[in-house]
Amino acid sequence: MRFDEFVCYEATIPELQATDRDGAITELVAALVSAGKISGESAKDVAKAVIKRENEASTGMGKGVAVPHVKHAAVKHVIAAVGQSSGGIDFASLDEQPVYSVILLISPVNNPDKHLQAMENVFRHLQKEKFRKFLRQCHTPAELEDLLKEADENPSW
Amino acid sequence: MEKLVRETTVEIKNAEGLHMRPAMQFVDTANRFECDIIVSNGQTNADGKSIMQMSMLAATCGTRLHLRAEGPEAEQALEALRELVEVRTFGEPPP
């Protein structure tokens with residue numbers, strides 16, 4: 001599954017205002033609301049569900065990235081928002097290091113396969129040091145969009 | 001001394017597939033044993049002790065994964081992983 005198929009380019013935040021985990025999640029959920037991907041009424045519940053999931057086990061996989069996610073009835077398709085923090089955020093990551101790139105993923109409740117396919121794409125790229133570095137160097141939504149589109153075009157890079 | 005190598009194939013049986021929580025259980029189990037573990041879905045090879053790599057397998061329900069273990073505890077590792085994936089099905093329900 002390509003980034004194009006689930007990343008909402010209107011919900012990318014090159015510099016998160018939030019300095020803590022729950023704040024970052026709430027900010028990214030709000031970006032999805034502004035982009036019209038989830039309703040304003042469900043925002044609170046979606047953020048709460050993501051935080052609850054995060055409390056069960058951190059999605060901070062190490063190497064400065066976190067992929068908070070949840071399955072929620074508020075969406076019909078997998079949708080993602082991307083946020084960056086130059087100062088770093090404590091996500092209780094496996095390697096105990098701060099997180100600089102956050103990819104928030106909301107998946108529908110009845111399509112586990114699509115969720116796995118989106119995750120596969122996210123981790124295939126996050127795996128690569130070059131991609132993580134380029135991601136951190138994006139300072140505008142346009143740069144983020146260009147990077148993700150380039151990653152889609154060159155899956156092997 | 002020759003390296004002990006064991007291989008087996010397991011099938012994902014829980015409805016939600018190998019999402020992050022089951023993947024973490026897999027990695028935790030794999031890490032208990034003294035051996036390398038390579039997991040393949042036929043296209044991608046992943047280090048069975050790395051959560052980032054295991055998340056790349058997109059192993060949906062019904063997917064068959066090939067496990068290859070190399071090292072002194074290869075046999076015990078594969079038995080524990082098979083039990084986790086196919087018998088306990090990560091503590092999750094079937095479809």
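The values are calculated or read from the model by the stated rules, or taken from the named source; none is laboratory data. Owing to the predicted nature of the structure, the values given are computational and were not obtained by experimental measurement. Backbone-built Cβ (ideal geometry, glycine too); neighbour counts: all protein chains shown.
Let's see how each residue does on (1) part of a strand (DSSP E or B); (2) farther than 20 Å from A:His115 by Cα; (3) among the aromatic types (Phe, Trp, Tyr):
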| residue | (1), (2), (3) |
| --- | --- |
| B:Glu7 | yes, yes, no |
| B:Leu18 | no, no, no |
| B:Arg21 | no, no, no |
| B:Gln53 | no, no, no |
| B:Ala58 | no, no, no |
| B:His66 | yes, yes, no |
| B:Ala69 | yes, yes, no |
| B:Ala77 | no, yes, no |
Self-check item: Filter pass, B:Gly71 being under 23 Å from A:Val65 (Cβ atoms), more than 14 Å from every other protein chain (Cβ to nearest Cβ) and of a type outside the set (A, V, I, L, M, F, W, C)
Solution: no
Exercise. Could you name every one of the strands (runs of 3 or more DSSP E) located completely within region A:48-115 that has at least 2 residues being among the β-branched types (Val, Ile, Thr) and in contact (Cβ under 8 Å) with a residue 40 or more places away in the chain?
Key: A:79-89, A:99-107
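Within region A:131-141, is even one residue part of a helix (DSSP H, G or I), within 14 Å of chain B (Cβ to nearest Cβ) and surrounded by fewer than 23 Cβ atoms within 10 Å (Cβ to Cβ)?
Our first condition is that a residue be part of a helix (DSSP H, G or I); within region A:131-141, this holds for A:131-137, A:141.
Imposing the further condition that a residue be within 14 Å of chain B (Cβ to nearest Cβ) reduces the set to A:131-132.
In the following step, the residues that additionally are surrounded by fewer than 23 Cβ atoms within 10 Å (Cβ to Cβ) were identified as A:131-132.
The answer is yes, given that some residue of region A:131-141 is part of a helix (DSSP H, G or I), within 14 Å of chain B (Cβ to nearest Cβ) and surrounded by fewer than 23 Cβ atoms within 10 Å (Cβ to Cβ).
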Quiz item: Which condition number does B:Thr60 fail, the rest of (1) within 14 Å of chain A (Cβ to nearest Cβ); (2) within 23 Å of A:Ser156 (Cα to Cα); (3) free of Cβ contacts under 8 Å to residues at least 40 places away in the same chain being met?
Solution: (3)
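Run down A:Lys44, A:Lys37 and say which single residue is assigned to a helix (DSSP H, G or I), out of contact with any His (no Cβ under 8 Å at 6 or more places or on another chain), basic (Lys, Arg) and modelled with pLDDT of 95 or more.
A:Lys44
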Quiz item: Do you know which residues across region A:86-108 are over 19 Å from A:Phe123 (Cα atoms) and surrounded by 21 or more Cβ atoms within 10 Å (Cβ to Cβ)?
Solution: A:Ile89
Quiz prompt | Checklist (1) within 14 Å of another protein chain (Cβ to nearest Cβ); (2) modelled with pLDDT of 95 or more; (3) over 10 Å from the mean Cα position of the chain (by Cα) applied to B:Gln43, failing item | solution = (2)
Exercise. Taking the options B:Lys13, B:Lys49, name whichever one is closer than 25 Å to A:Ala66 by Cα and part of a loop (DSSP other than H, G, I, E, B).
Key: B:Lys49
Quiz prompt | Among (1) closer than 23 Å to A:Leu105 by Cα; (2) without any contact (Cβ under 8 Å) to a residue 12 or more places away in the chain; (3) aliphatic (A, V, I, L, M), the one test that B:Ile51 misses | solution = (2)
Quiz item: Within region A:1-34, how many residues turn out to be among the charged types (D, E, K, R) and in a strand (DSSP E or B)?
Solution: 2
Practice problem: For region B:86-94, indicate whether the set of residues that are within 14 Å of chain A (Cβ to nearest Cβ), crowded, with 19+ Cβ neighbours inside 10 Å and either in contact with a helix residue (DSSP H, G or I) (Cβ under 8 Å, 6 or more places away or on another chain) or not in a helix (DSSP H, G or I) (or both) is non-empty. | Solution: yes
Exercise. Assess whether B:Phe33 counts as being touching a Gly at 6+ places or on another chain (Cβ under 8 Å), among the aromatic types (Phe, Trp, Tyr) and away from every other protein chain (no Cβ under 14 Å).
Key: yes
Quiz item: Which ones in region A:3-32 are buried (at least 23 other Cβ atoms within 10 Å of the Cβ), within 18 Å of A:Ser86 (Cα to Cα) and touching a helix residue (DSSP H, G or I) at 6+ places or on another chain (Cβ under 6 Å)?
Solution: A:Ala11, A:Thr12, A:Ile25
Practice problem: Filter region A:42-78 down to the residues that are farther than 15 Å from A:Thr26 by Cβ and among the charged types (D, E, K, R), then identify the one that is farthest from the other protein chains (Cβ to nearest Cβ). | Solution: A:Lys76
Quiz item: With (1) under 23 Å from A:Lys44 (Cα atoms); (2) in contact (Cβ under 8 Å) with a residue 12 or more places away in the chain as the list, and A:Thr140 as the residue in question, which single condition is left unmet?
Solution: (1)
